[in-house]
2 protein chains.
Amino acid sequence: MNKSDATDDRPIGIFDSGIGGLTVMSELAKQLPDESIVYLGDTARVPYGDKSPETIIRYAVEDADFLKKCNVKLIVAACNTVSAVALDILKERFSIPVCGVIEAGAAAASGLQKKLAVIGTKTTVSSGAYTREIQKVSPSLEVECTACPLLVPLAEEGIVSWKILQGVLDIYLGKYLENPPEALLLGCTHYPLFTKEFDKFFSGRVKIISSAAAAADFVENLIENGSVLPNSGRVPPEHSFYVTDTTEKFLSSACRFFGDSITQAEQVSLTITEQF
Amino acid sequence: MNKSDATDDRPIGIFDSGIGGLTVMSELAKQLPDESIVYLGDTARVPYGDKSPETIIRYAVEDADFLKKCNVKLIVAACNTVSAVALDILKERFSIPVCGVIEAGAAAASGLQKKLAVIGTKTTVSSGAYTREIQKVSPSLEVECTACPLLVPLAEEGIVSWKILQGVLDIYLGKYLENPPEALLLGCTHYPLFTKEFDKFFSGRVKIISSAAAAADFVENLIENGSVLPNSGRVPPEHSFYVTDTTEKFLSSACRFFGDSITQAEQVSLTITEQF
């Protein structure tokens with residue numbers, strides 16, 4: 001068997017603090033329809049965005065460890081906060097490949113020439129991780145990051161009122177209206193739900209880069225360059241969903257994030273220490 | 001010593017999932033200036049509002065257990081979600097008195113005759129706990145509960161834009177504009193931050209009942225009726241703050257909730273299982 005014929009039927013593992021990573025899973029499922037995917041949402045401890053780095057690292061290691069036990073061939077940290085704070089530690093700690101949405105977003109921003117605006121949670125922004133990753137691939141690009149903490153609850157509640165969204169975007173992005181950046185990188189997996197609203201806010205003058213689509217591109221590249229082997233196509237792909245706290249909210253909100261309904265998610269305990 | 005002279009210099013313990021309970025502590029500190037108070041905010045696992053009942057109960061027991069170890073004479077569950085879901089279990093499990101903001105809110109609503117609107121988190125509302133508690137003391141009062149999940153992140157971010165708040169209040173409370181209720185009970189400790197906005201939304205036609213002030217009244221009654229003994233007044237009262245995840249956010253937001261700056265909060269681990 002040639003190296004190019006080698007396959008690996010193990011699933012791809014994705015985790016996030018909650019349901020936001022489903023936007024990444026949705027893009028992955030579209031771009032790589034033959035791959036099985038296991039999703040873990042740590043809904044018992046969501047959100048990670050306002051926790052301390054130490055706590056985020058601990059949670060991320062427990063999440064990745066669960067996916068490792070599911071025999072995945074790749075771990076995607078589909079959580080910008082984890083990617084900002086814990087990715088190097090995950091890469092050191094696990095023998096299988098680990099990738100994060102920030103390196104994926106930075107790759108998607110390569111080719112830009114002038115100014116890039118990045119938006120994310122407070123922890124993602126204060127970590128400086130996007131600026132560091134982007135300047136590795138585009139050293140001369142001006143990067144400005146802005147925390148937009150209200151966009152996550154608005155996305156989770158499915159708010160579509162333009163009056164509210166415009167008011168919130170005014171607070172965070174009003175500073176760009178006179179002199180818009182070349183592109184806006186959505187550095188939080190919840191934000192792709194507002195792609196149309198970002199576009200409307202900037203009257204179509206700013207390119208919108210989704211970190212969810214960027215992550216799917218990044219994984220596709222890992223398969224194309226042989227870092228991860230593709231599914232053989234001999235077994236039908238399966239999508240499995242695990243959460244740490246089964247709530248009505250996960251299943252009811254999942255459709256907006258995943259683009260398709262999810263009827264079943266299994267509740268799991270990440271460590272024996274989480275037992276009551 | 002007469003029974004009426006008996007005193008107890010142990011502190012009052014208050015816990016909440018995060019910073020919201022500081023509105024309760026603020027009212028307690030105003031109404032009972034001689035009492036020492038210990039505050040615990042479970043900031044590593046905030047918010048509780050969208051967790052399952054089992055998870056909320058587990059967290060509440062760990063929170064109350066921490067306060068018990070601080071040698072408190074009374075435990076105030078200053079979290080509506082915990083009061084809705086876990087209060088009976090806490091009362092059974094702990095030998096010292098335990099009270100919650102829902103029974104306090106119900107007591108404050110006694111005397112109303114017609115219709116009461118209650119607002120809170122999704123879990124608080126879906127628990128039905130406010131309706132049950134209020135109907136114990138006011139059986140003929142019509143009670144309608146509405147979940148307002150966006151108000152917590154708006155309070156935590158310190159949003160004061162009337163355009164945004166009016167838009168959000170329209171979604172949740174617009175149904176009452178034509179035929180307002182007699183009173184609006186703020187069934188979440190974050191909501192007192194928007195007391196002026198609720199008043200403006202209803203053009204002053206609706207009485208606003210804060211569960212934070214109601215809880216302070218309730219504790220004052222427990223002391224007046226002898227269920228809890230008062231501080232002797234011989235030692236200066238102390239206010240102590242503990243959090244499970246020390247973040248910039250707690251100290252920077254605390255002033256808005258507590259009404260005074262908090263310069264120090266000690267980070268604690270609730271159980272040995274929370275160690276990394």
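Provide B:CYS99, B:CYS79, B:CYS145 in ascending order of the number of other Cβ atoms located within 10 Å of each residue's Cβ, fewest first. Don't skip to the end; give the middle numbers.
Details: B:CYS99 23, B:CYS79 35, B:CYS145 20.
With the fewest neighbours first, B:CYS99, B:CYS79, B:CYS145 line up as B:CYS145, B:CYS99, B:CYS79.
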Report the label-to-label distance for B:GLN166 and A:PHE94 in nanometres (one decimal), using points 7 Å from each Cα along the Cα→Cβ vector. 4.9
Taking +1 at the Cβ of each Lys and Arg and -1 at the Cβ of each Asp and Glu, which of A:LEU112, A:GLY167, A:THR189 sits farthest along the dipole of segment A:103-211 towards its positive end, judged by Cα position relative to the Cα centre? A:LEU112
Between A:PHE257, A:PHE201, A:PHE218, find the one with the highest GNM mean-square fluctuation for chain A; connect C-alpha pairs within less than 10 Å. A:PHE201
Label distances, nm, B:VAL160 versus same residue in remaining copies, Cβ-directed 7 Å point: 3.4
Under a Gaussian network model of chain B whose springs join Cα atoms within less than 10 Å, the largest fluctuation of B:GLU142, B:GLU156, B:GLU92 belongs to B:GLU92
Sorted from shortest, what are the nm distances separating the label point of A:ARG234 from equivalent points in the other copies, each placed 7 Å from Cα along Cα to C-beta? 8.4
If you take the alpha carbon radius of gyration of chain B and divide it by 2.2 N^0.38 Å, what ratio comes out, to two decimals? 0.97
Any idea what the B:GLU266 label distances to the other copies are, label 7 Å down the Cα→Cβ vector, nm, shortest first? 4.3
With only Lys, Arg, Asp and Glu charged, each at its Cβ (+1 for the first two, -1 for the last two), find how big the charge dipole of the protein assembly as shown is about the Cα centre; round to the nearest 20 debye. 680
Averaged over residues of A:164-171, the number of beta carbons from other chains lying within 10 Å of each residue's Cβ is 5
Using modelled amide H (1.01 Å from N, peptide plane; none on Pro or chain starts), what sits under 5 Å from the amide H of A:ASP50, excluding residues fewer than 5 places away? none
Taking A:HIS239, A:HIS190 and counting other beta carbon atoms within 10 angstrom, the fewest-first order is A:HIS239, A:HIS190
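Excluding B:LYS200 itself, calculate the net charge of residues whose Cβ lies under 15 Å from the Cβ of B:LYS200, where each Lys or Arg counts +1 and each Asp or Glu counts -1. Each step should come with its number before you reach the end.
Values: positive: B:LYS163, B:LYS196, B:ARG205, B:LYS207; negative: B:ASP170, B:GLU197, B:ASP199.
Result for the local shell: +1.
Just counting partner chain Cβ atoms within 10 Å, what average do the residues of peptide A:141-154 show around their Cβ?
Counting Cβ atoms of other protein chains within 10 Å of each residue's Cβ and averaging gives 2.
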Working out 0.36 nm times the residue gap between B:ASN221 and B:GLU142, then minus their Cα-Cα distance, what length gain in nm do you get to one decimal? 25.8 nm
Trypsin sites (Lys or Arg not before Pro), loop per DSSP, at most 14 other Cβ atoms within 10 Å - longest free stretch of chain B: B:1-113
Most mobile of A:ASP260, A:ASP65, A:ASP16 per a Gaussian network model of chain A (Cα springs, under 10 Å)? A:ASP260
Straight-line reach from B:LYS68: which lysines have a Cα under 16 Å away, not including same-chain ones fewer than 8 places off? B:LYS91
Shape verdict for segment B:179-250, please, from the Cα gyration tensor: rounded (a/c under 1.5), prolate (a/b greater than b/c) or oblate. oblate
Run the helix sum for chain B: -39,500 (n - 2.57) per DSSP H stretch of 4+ residues, divided by residue count, reported at 222 nm to the nearest 500 deg cm²/dmol. -12000 deg cm²/dmol
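Over the residues of segment A:103-211, compute the C-alpha Rg and express it relative to 2.2 N^0.38 Å.
1.00
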Spin-label model distance (nm) - A:SER126 vs B:ARG132, 7 Å beyond Cα toward Cβ: 3.9
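Each reported figure results from applying straightforward, stated rules to the coordinates on display, with no laboratory input. None of the values given here were measured: they were computed from a predicted structure. Cβ atoms come from the backbone with ideal geometry, glycine included; neighbour counts cover every protein chain shown.
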